[in-house]
1. Residues to consider are 141, 169; find the one that is farther than 27 Å from residue 90 by Cβ and touching a helix residue (DSSP H, G or I) at 6+ places or on another chain (Cβ under 7 Å).
2. Of the numbered conditions (1) surrounded by 17 or more Cβ atoms within 10 Å (Cβ to Cβ); (2) farther than 23 Å from residue 200 by Cα, residue 21 satisfies every one except a single condition; which is it?
3. Give me a count of the residues in the range 36-95 that are surrounded by fewer than 16 Cβ atoms within 10 Å (Cβ to Cβ) and in a strand (DSSP E or B).
4. Among the listed residues 30, 37, which satisfies the condition of being under 18 Å from residue 133 (Cβ atoms) and at pLDDT 95 or above?
5. Spot the failing condition for residue 61; the list is (1) closer than 30 Å to residue 214 by Cα; (2) modelled with pLDDT under 95, and only one is missed.
6. With over 30 Å from residue 65 (Cβ atoms), at pLDDT 95 or above and exposed (fewer than 12 other Cβ atoms within 10 Å of the Cβ) as the only criterion, which of 152, 172 stands out?
7. May I ask you to list the residues in the range 26-64 that are under 19 Å from residue 193 (Cα atoms) and without any contact (Cβ under 8 Å) to a residue 60 or more places away in the chain?
8. From 193, 182, 117, grab the single residue that is surrounded by fewer than 17 Cβ atoms within 10 Å (Cβ to Cβ), at pLDDT below 95 and closer than 30 Å to residue 65 by Cβ.
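The values are calculated or read from the model by the stated rules, or taken from the named source; none is laboratory data. Computed from a prediction, not measured in an experiment: that's the story for all the values here. Note: ideal-geometry Cβ built from the backbone for every residue, glycine included; neighbour counts use all protein chains shown.
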């Protein structure tokens, strides 16, 4: 998914001049705040724990395929709207235009690689259909509730990259959270590029409260 420059002459961006033409194309991507402070300076993002929900406008074009325009503060001035107005229906709209994709780890890897491990069998990979900047799909309405209902348990959410997260039910093992966070840190340090890095934190979804937060 490309980040499109607004003045690209090959793409008709006349719709971008008014908010009415943009509103139904709005989505968001999830990135870490700490490593992107300069990038975020002029973006009307929303904070979720240590992450930034960055508003984007999806653009589909026959020549370039699919891309997005990052929404800046200057765009809000152009459209004459507030940040609150921008985000009013944005998350619900994101779920419609960048639909969620959920697949079990066993289906993703194939049964022969799972070795009957209950932990691996219960891991769900959450992204969007494009599998590009899909980590934010975990914040779509009802997603975590649906997964926790499936297992009847609280959940851990592991940030695999900006493109996807891993969700697994709480087992109740001693030092479970510490073990999972250690795995995330090892993967981040050894495999991910800085551009794909999301967070070293893990997150905990409490089923009874319907609340997702950094696991302390």
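1. 169
2. Of everything listed in (1) surrounded by 17 or more Cβ atoms within 10 Å (Cβ to Cβ); (2) farther than 23 Å from residue 200 by Cα, residue 21 misses just condition (1).
3. Of the residues in the range 36-95, 5 are surrounded by fewer than 16 Cβ atoms within 10 Å (Cβ to Cβ) and in a strand (DSSP E or B).
4. Of 30, 37, the one residue that is under 18 Å from residue 133 (Cβ atoms) and at pLDDT 95 or above is 30.
5. (1)
6. None of the other options fit; the residue is 152.
7. Selection gives 33, 34, 36, 37, 38, 39, 52.
8. Selected residue: 193, the only one of 193, 182, 117 that is surrounded by fewer than 17 Cβ atoms within 10 Å (Cβ to Cβ), at pLDDT below 95 and closer than 30 Å to residue 65 by Cβ.
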